[in-house]
Amino acid sequence: MSNEKLVIEVTDEETGDVVEVVIPSKFGVCGTCEGRGKHVNPSVDGHGISREEFDEDPDFEEAYFRGDYDVVCLECGGNRVTLAADWAKMDAAEKEMYNDHLRQEREYRAEVAAERRMGA
């Protein structure tokens, strides 16, 4: 598993071409399920659950903590691990491309969020 690679897409800002880049990676504990392979369905607690909600419905609280609302992890598919960039094995060019990829992803998420706020 130590030679697994992560493929990312980076857009060349000058040409607009999308380029695939292979980034050295390693497996790490999934950040979404924290290595459990499952988590509470986001439609149940995606907005957050208050103490008052549990107090109003003790059966719901019991079912929630028992795992009745759990689903297979949406990020790792139940494997409990995900590929992550291995910074120690990247050369300077790979680090620059990966940082560019992360920046483009942040910009895209910000644009989508702004469109949602505008009603798109």
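The values are calculated or read from the model by the stated rules, or taken from the named source; none is laboratory data. Please read all numbers here as calculations on a predicted model, not as lab measurements. Here the Cβ is made from the backbone with ideal geometry for all residues, glycine too, and neighbour counts use every protein chain on show.
What number goes with the only condition from (1) within 20 Å of the chain's Cα centre (by Cα); (2) not assigned by TED's automatic domain parsing to the domain that holds Val22 that Gly67 does not pass?
(1)
I'm trying to understand the selection: among the residues of the range 12-51, which are farther than 30 Å from Asp70 by Cα and surrounded by 13 or more Cβ atoms within 10 Å (Cβ to Cβ)?
Val21, Ile23, Pro24
Which one of Val10, Val22 is without any contact (Cβ under 8 Å) to a residue 60 or more places away in the chain and assigned to a strand (DSSP E or B)?
Answer to the selection: Val22.
Would you confirm whether or not the range 98-105 contains a residue that is surrounded by 11 or more Cβ atoms within 10 Å (Cβ to Cβ), free of Cβ contacts under 8 Å to residues at least 40 places away in the same chain and of a type in the set (Ser, Thr, Tyr)?
no
Quick one: in the range 19-64, which of the residues that are more than 16 Å from the chain's Cα centre (by Cα) and of a type in the set (Ser, Thr, Tyr) is nearest to Ile8 (Cα to Cα)?
Checked the range 19-64; the qualifying residue nearest to Ile8 (Cα to Cα) is Ser43.
Can you spot a residue in the range 31-39 that is at pLDDT 90 or above, among the small types (Gly, Ala, Ser), in the same structural domain as Lys89 (by TED's automatic domain parsing) and not in a loop (DSSP other than H, G, I, E, B)?
Scanning the range 31-39, I find no residue that is at pLDDT 90 or above, among the small types (Gly, Ala, Ser), in the same structural domain as Lys89 (by TED's automatic domain parsing) and not in a loop (DSSP other than H, G, I, E, B), so the answer is no.
Would you please name the residue that is surrounded by the most Cβ atoms within 10 Å (Cβ to Cβ), looking only at residues in the range 52-90 that are hydrophobic (A, V, I, L, M, F, W, C) and assigned to a loop (DSSP other than H, G, I, E, B)?
Looking at the filtered set, the residue picked out is Cys76.
Can you tell me which residue in the range 77-113 is nearest to Val7 (Cα to Cα), limited to those that are over 20 Å from the mean Cα position of the chain (by Cα) and of a type in the set (A, V, I, L, M, F, W, C)? Write out each step before concluding.
Taking the range 77-113 as the starting set, the residues that turn out to be over 20 Å from the mean Cα position of the chain (by Cα) are 88-94, 96.
Checking the rest, the ones that are also of a type in the set (A, V, I, L, M, F, W, C) come to 88, 90, 92-93.
Numbers: Ala88: 17, Met90: 13, Ala92: 17, Ala93: 15 Å.
Here the answer is Met90.
Just checking, how many residues over the range 25-81 are out of contact with any helix residue (DSSP H, G or I) (no Cβ under 6 Å at 6 or more places or on another chain), free of Cβ contacts under 8 Å to residues at least 40 places away in the same chain and at negative phi?
29
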